[in-house]
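Chemist: The structure's right below; bear with me while I get my questions together.
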Amino acid sequence: MPSTAGRLAAGRCEKAAVVSAAMVLLVACGGGEPAPDAAAPSTAEGVGEVTTASDGAQEITLQTQDDYVFVPAGFTVDPGTVRLTVVNAAEEMTHNLEFSGGGPEEISEGISLLAPGEQKTIEFTVSAPGDHVFECTFHVQLKQVGTMTVRG
Ligand SMILES: [Cu+2]
């Protein structure tokens, strides 16, 4: 009686070990497959990608959430028109986005208030190559900053 139960339990253990070994192998071999979920679980599709709209404007979407970061914290554009959308995926935190100045040119466009669940788009033109720092003025002391680089 105890031996049968023991064998059953041992069998089950062995099976579980094989299954988990197989899962480890699957995970280990998954490097070649695209895995957007693993890379950025909470980021909406298209966030961080600079694309060119039919009117020639460069479009980029940033996301912010219930923390103190912009995702991504940096992006690069060519001189010209930039249409920047910020999505606030937070449930509780209000953010904003302003260019802090001190860069190669002044960008006066900004988003003064972005409530949880809200998204806003601004459009401006850049001509001076270099790094333009932007920030959430509410959380700049918590280092919620980012950089828009304009190519030369
Ligand atoms: Cu903020």
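Just so it is clear, none of the values below were taken in a lab; they were calculated from the coordinates. Everything numeric here is computed off the predicted structure, so don't read it as measured data. Using ideal geometry, Cβ is built from the backbone for each residue, glycine included, and neighbour counts are taken over all protein chains shown.
Chemist: Kirkwood Rh over Cα pairs of segment 65-109 into Stokes-Einstein at 4 °C, 1.567 mPa s: D in µm²/s?
Modeler: Values: Rh = 12.6 Å.
Estimated via Stokes-Einstein, D reaches 102 µm²/s.
Chemist: Quick one: if you stick a label point 7 Å off each Cα along the C-beta vector at residue 98 and residue 127, how many nm between them?
Modeler: 2.5
Chemist: Grab the beta carbon distance between residue 105 and residue 54, set R0 = 41 Å, and tell me the FRET efficiency rounded to 0.05.
Modeler: The pair residue 105/residue 54 has a calculated efficiency of 0.95.
Chemist: Considering only DSSP beta bridges whose two residues both sit in segment 31-152, what percent are antiparallel, to the nearest 5? Write down the numbers at each step before the final one.
Modeler: On the way: 22 of 33 bridges.
So the antiparallel bridges in segment 31-152 amount to around 65 percent.
Chemist: What size of dipole, in debye to the nearest 20, comes out for segment 42-150 about its Cα centre when the only charges are +1 on Lys and Arg C-beta atoms and -1 on Asp and Glu C-beta atoms?
Modeler: Value, rounded to 20: 120 debye.
Chemist: Modelled label-to-label distance, residue 91 and residue 73, 7 Å Cα→beta-carbon offset: nm?
Modeler: Each label point lies 7 Å from its Cα, and together they span 2.6 nm.
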